[in-house]
Structure formats: structure tokens, C-alpha cells
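The values are calculated or read from the model by the stated rules, or taken from the named source; none is laboratory data. Predicted model only: the values in this text are computed from it and were never measured. Neighbour counts run over all protein chains shown; Cβ positions are idealised from the backbone, glycine included. Heads up: the accessible areas ignore ligands, DNA and RNA and are worked out on the full protein's heavy atoms, side chains in. Shrake-Rupley method; radii C 1.70, N 1.55, O 1.52, S 1.80 Å.
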Amino acid sequence: MNLKQEAMKPSGWKVWMEQGFSHTDLAFASFLAERHAQDESIFFAAALVSRESRHGHICIDLNRFAGYSVADCVSPMDGGSWGEHLRELGVAGRDDQGSLLVLDDRGRLYLRRYYRFQQEVALYMAGECRLSDLPEAEMSALQEGLNRYFPALAEDGMDRQKLAAAVALLHRFCVISGGPGTGKTTTVTKILSLLVEQHQRRFSGTPTIALVAPTGKAAARLMESMAGALKRLDLKDAVRNALPREAATIHRILGKLGRGRRELFRHREPLPYDIIVVDEASMVDLPLMGRLVRALSPSTRLILMGDRNQLASVEAGSVMGDLCHGKKGDRVSPELGRMLLKITGRSLPTDPQLPPLADAVTTLTKSYRFGACPGIGQAADAANRGDVQALSRIADPGFLLAGPALGDSPMAWLEARVRHHLAGYARLTDPHDMLAAIDRFRILCAVRKGPMGVLRINQWVERCIGLAGADLWYRGRPVMVTENDYTLGLFNGDTGITVKTGGELAVAFPDTEGGLRHIHCARLPSVETVFAMTVHKSQGSEFNHVTLLLPDSDAPVLTRELIYTGITRAREEVAVWSAPEILERALSRRTHRASGLREKLWKGESR
């Protein structure tokens, strides 16, 4: 049988497409199979690993797909013999071989590029999360600094921000996880201040610091949050002046050129930074994290911060989730326990069997954001636990649950919210006022297509507020950049407002000085209207009022993490539209992405 002809002909194509395979998956599988006498098991393995990588998985477990069938093709019934067969034919080799696929000792099959990124990330983090060797005098200085920056004792005796700072100061690599308002940025600002003081004591100089995030919007939010934290801190001029005044995207510091998904990284030398802080780490996919750790100098200190409960990255991998997976409670190694007792006065339970990564991960649990709007915090907690009943019982003006079961008409309900929050938007002329208006209220959709998808909702809002017309571009159109353009200095997630200047339409984007810069519409990279956006695109952003729309039919994208992420984008109020059964299914579904990173980090797998 000619597998390519069978799979690619109309009848065969339809069957495979119904199983989620794409033309690219089948072409890749055909390419490998044709090199090995049209072997059906090779075709299946290659098609599956290609399909699963598009869905965010780093690898496939051959045992899971044993006996899988599409049309007349059936995969081997035993994953072990399947893997051995692939090895014998040279299709799936080991790390040091040149095959396009890699099969590890646990029966996990990878595209080689993903396997290499996984190995680089695992090797870096396993090596760099070990305790630093500090002299006694430096330990005393750290103790004094921690007490100065974190003077108050928490009610339960555990100041987690102080603990996170101590862990960061004792490790070259660390992870700080926490939900919205738990003080991640404030804690990191204090950590950087302490590290600047340490650097000035030891080297009589100023460290180079890079603040980065996966998107331009997230980088801007990081800088705003840090600026607010700096205003609340009493710092010496030498320390304050050493802290960075701007943030960038990870892609930018790596030297990414060009436009679109085929951009290449030109960075070859180690990054020239003593300290790198990565915000919104849950959005960082495995290839990007691999490229980042590959570019680090051996002396660079790396701090990752983010929310482990948020959505995983759009591209393949779930690095933040894998990093935090094995962290249970406050147990630390005996060695770290002794050092923490010395510099914080706090005794933690110890376990000599913990892997090194457990010492480098800290979780902040107390939220300070939702004090005036407890309903948002209650909803976020209920969503994170998957408790739909608790979600439905919340009685607070900060959280509203609506849906057909309550007799509401979806578009009538949405129209009332749009007209309330965007009243007078079409009459605004100042772009600053327009930006402020759309930043106060945002509609978040779970999907792009369908009646409750981003595309239709944006068109509907345009008609609702009187901005719809025959042309794509119009004055007042809010747009979001969806790809990086380094020539123009625009990055994925940047938001601007369409204005008329000099008789032509241009988009006004905020600059770092609080002003605006105008770019003609024809010069822009890929953009889309942003009265509504997907929950995935909203990561790294916050809005006063959020309306979260779920579709009227179930879909794999509806997960507990998506609901939690949508709810936590709100500062003052969040309203959720959903049929009860759809919300219940979404909260019962957790995101799972196959990879070997979690096992390598927490179970010490060597291959």
C-alpha cells in the first residue's frame, strides 16, 4: 500500500482529518515511511507525534497509542515492540544519533528538536537550583537585608514573600509562583534591591539586570507593577539607580529578527546580564525556555515568576507547570533548612529525599488584590479547585454568573454590559481616553470561531456601539499586535487605537514616556480588533471589568485553567456567561501535556 496516496486521497484525507491530523502531519509521516518500505507503524508513529506536538505535547507515550486505528491502518498492539521496531529501522534513535525522532527509555517518542530543548532545560535547572556557597559575612548581610525589606511577621508566622526572597538569594536559579495580587512583583523588586546591594558589597560595581516577559503587553505590565513597587520602597539612590527602567520581550534580548513564525534567533554569545527576571513564565513554551537557558552565561542568575495555575503556553510544553509540579507544602532539604533558620529565624520541615528543585520553588498564597472585591478571589479559588457549586453560590457584586438556565438571552445580556461599559466610546476623540476605556472593560472568549467566538463578538460590538462600516479600518478601532516587529518596535500583545492624523488613518500606541507614537495602518504587522480577545491572549493583562463568554457546546479548549485565567484578569468585577453543564465540564477538565521534563526534574530520569 502507498500510505501517502491512501492518506492523501479525498476519502482517506477526510478520515484522518476527522481524527485531528493535518496535511503537514501526513506529509511528514509519509516522508519517513517512504524511506522504510512504506512501513505502516512508522507512518502511524510519525503522524501521531506530529499531531500531538501541534496540540502542545512534547512527546507521545507509545503505550498509550498501542492499537490505535484510522481507516485501514492499525498501530502495533504493544508499545514496547513498537519502539524497538522504530529503533531497529533507525527511525527513532537516541540523543547522540541523527534520526528525526528520539525514543527514550520510558517509551516516549519525540521530535528531535523538542527532545533537545527538553534536555537543555532539564540539565540547566537540575544544575543551577543547587544552593550557593556563601561566606559567613555574606550570610549575616543577607539576614540584615531580609529583616530590613521584610520587617513584618505574617499572622501565621510565615512570611512567604520573605521566604521567597531568601530562597532567591541562596540559589542561582529559582521559581516564584503565585496567583494575582500575591505580591510577586513586589517581592522580586525587593530581591533585586538586595542583589544590587550584595553585588556592590562584593564587587564594588552595579549588576546588569534584564526584566523580560513572553509578550510586549506582559513586559509593559511588569514595568508598571515594578514602578509601583519602587514608589513604596525607601531605597538608597545607588540601589534605585541600578534597577532597570524598562522591560523587554524574551525574543528581543535573544536577538530575534524579522517577522512571523519563521524568525531565527541570531544570538550566539552569552547574554550580557548578571540577573534575568522572567515574568508570566507560564506563557513560556519549551523551545523558548530552551533557547533562553542556552544563551545564559554560567554566572547569570535566573528568576522565573508566574502563576502555575494559569493556562499553559500556546506553543508546545508546560514548563511552569512541570517546574512546580513536585512542590508539596513547605518541606525543604536539611541544608536549606539550616540556612533559612540562620537568615530568617524561621524553621521549616525538612526532608533529605527531596530533589534539588524543591528547594528552588516557592509559592505565594496570600492575595492582597481582591480585598475590596472578594467575589473575584472566591471565584478564582473555586475555579482552581474545580468546584462549580462553590462558584454558583458566590454572593458578591464582584462576581456575576449568568446563562440560559437563569432565563437570560446571551446577546441581550451582553449588549447591556457593552452599552454600560463602552457608553460614549464612539464619540471619544482623544486616543488616551479610548485606550483607557478599552483597558477598563474587555470581553474574553474561550474560542475564536462560533457565535461566542472572538471574530463574531468583535463584529457584534462594532455594530452595537455604532462603529460598524464597510471598511476594515475606522477611527476608534482598537487593535492588538499579534506578531513581533522589531523594526517598528511593536510586540505581540501591544494595543493601540486607530486615529485620523494628517487626513489618513494610523494607529496610536503608548510609548514608555506616557505619550503616543503613530504608525500608519499599512506599515503594521499582523493585528486584530480587540474589543474582545481570547483568554489565551489576555494572559499578562488586567482589566477593571471582565466579561467571560463560554460557547454553547463543549470543546477541548474549555478547561479549569482557562476559567481560572479568565476570572483572574479582572481587578474589580468579572461576569461569566455559560450554560451550567458547559461550565461544569470545563471545571472538571484539567490541562495535561505530555513531556518528560517533569520526570527528569522531579524523579531524576537521566535519559
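Taking a ≥ b ≥ c as the square roots of the eigenvalues of the Cα gyration tensor, the range 449-607 is classed as oblate, since a/c reaches at least 1.5 and a/b does not exceed b/c.
With the simple model of a label 7 Å out from the Cα in the direction of the Cβ, Ala416 to Arg456 spans 2.1 nm. Modelled spin labels at Asn241 and Arg393, positioned 7 Å past Cα toward Cβ, are 5.8 nm from each other. Scaling the Cα radius of gyration of the range 335-482 by the globular reference 2.2 N^0.38 Å produces a ratio of 1.57.
A 1.4 Å probe run over the protein chains yields, for the range 453-607, 39 Å² of accessible area per residue, whole-number rounding. Bridging of Lys231 to aspartates and glutamates at a Cα separation below 16 Å is possible for Glu246, once same-chain residues fewer than 8 apart are set aside.
By accessible area, using a 1.4 Å probe on protein heavy atoms only, the range 207-349 has 48% of its surface on carbon and sulfur.
With contributions of -39500 (n - 2.57) from each DSSP H run of at least four residues, the per-residue ellipticity at 222 nm computed over the chain stands at -12000 deg cm²/dmol.
Looking only at the range 487-509, which residues have a backbone nitrogen under 17 Å from a spot 7 Å from the Cα of Glu224 in the C-beta direction? Only 491-497, 508-509 pass the distance filter.
Working note: Cα gyration tensor of the chain, eigenvalues times five, square-rooted, sorted largest first, giving semi-axes of 37, 35, 25 Å.
Close amide H contacts of Leu62 (hydrogens built in the peptide plane, cut-off under 5 Å, sequence separation of 5 or more or a different chain): Leu109.
Using the 1.4 Å probe convention, the accessible area of the range 327-417 works out to 50 Å² per residue with neighbouring protein chains retained. Which percent of the Cα-Cα distances in the range 330-373 go past 17 Å? Tail fraction, whole percent: 41.
Rolling a 1.4 angstrom probe over the protein heavy atoms with all chains in place gives the range 147-243 an accessible area of 38 Å² per residue. Projecting label points 7 angstrom from Cα along Cα→Cβ for Gln353 and Thr206 puts them 5.0 nm apart.
For the cross-link pairs Lys184/Lys449; Lys449/Lys600; Lys190/Lys328, which exceed 32 Å when the distance is taken from alpha carbon to alpha carbon? Cα-Cα > 32 Å for Lys184/Lys449; Lys449/Lys600; rest within.
By DSSP, the beta bridges lying fully in the chain are antiparallel in about 40 percent of cases. Extension gain, Arg35-Thr365: 0.36 nm per intervening residue step, less the Cα-Cα distance, totals 113.4 nm. Round to the nearest 0.05 the FRET efficiency obtained for Arg523 and Ser553 when R0 = 30 Å and r is the Cβ-Cβ distance. Calculated value: 0.15. What a 1.4 Å probe finds exposed on the range 456-606 is 44% carbon and sulfur by accessible area, rounded to a whole percent. Partner aspartates and glutamates whose Cα lies under 17 Å from the Cα of Lys500, excluding those fewer than 8 positions away in the same chain, are identified as Asp430, Asp433, Asp471. Per-atom-type breakdown for the range 107-167 gives carbon and sulfur 52% of the accessible area (1.4 Å probe, protein chains only).
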